[in-house]
Amino acid sequence: MSYKSSSIAPRVTLLIGPACVGKSSYLQNRGYDFVVSSDNIVDEICKLHKLTYSQFFELNFNSPIRKKQRQLFNQAIEESKNYRNIVWDLTNLTRKDRAKVSSHYPSANFSAIEFAYKGWEEDILQLSHERAKLTGKVIPDQVLFSMFKRHESVSQNEGFSRIISVNMISLIIDSRNAA
């Protein structure tokens, strides 16, 4: 049932943390109705245009391919409004980023899942390098350092009814070392 035709407010969960901290891994086997993910759209665009992840981000911001990605992302946001249990799988690093998400769902109940990373920065860089070798998704170190620097801790003052802290890095490292 579309929440638009229901008196029940949607639940919107924001995943908060830099790249390579396990946000998408955390989502596996979770019961969300709709996932808003720029990465999923970038992956599809890359397949369609035979680009690597890195090549996509090297394109001019106003290139037709980048414009198409933004159009599809905006369509995903609009489509998400037809669902009750929505998750945003983006970095959502700053209060401003999170406020933009909130503006799309004025009547929603918001939760935040903040991914611990402080003290794990070197491990995140190593995981990013490993992921690049396995998947071709290259995130330059300077981009990760910028994410670490830009991150603003989440607060209930931002309108979140629930905030959960999760450390996926240690699980990822433990499972990698066990393999």
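Read-outs: derived from the displayed coordinates by stated rules, not from any lab. None of the values given here were measured: they were computed from a predicted structure. Note that we place each Cβ from the backbone using ideal geometry, even for glycine, and neighbour counts take in every protein chain shown.
Some notes on this structure:
- Reachable lysines from K68, criterion Cα separation under 28 angstrom, eight or more residues apart if same chain: K4, K23, K47, K50, K81, K96, K100, K133, K137
- Separation of alpha-carbon centers, the range 9-30 and the range 112-179, rounded to whole Å: 11 Å
- Longest DSSP-loop-exposure-free segment, trypsin sites (Lys or Arg not before Pro), the chain, at most 11 other Cβ within 10 Å: 51-117
- Paramagnetic label zone (point 7 Å from Cα along Cα-to-C-beta, K100; backbone N under 12 Å) in the range 20-54: 38
- Protection-proxy order for peptides 109-115, 153-159, 34-40, each taking the mean of Cβ atoms within 10 Å per residue, highest first: 109-115, 34-40, 153-159
- Amide H contacts of I164 (H built 1.01 Å from N, under 5 Å, at least 5 apart or other chain): A112, I113, E114
- Computed helical MRE - 222 nm, the chain, DSSP H runs ≥ 4 contributing -39500 (n - 2.57), nearest 500: -14000 deg cm²/dmol
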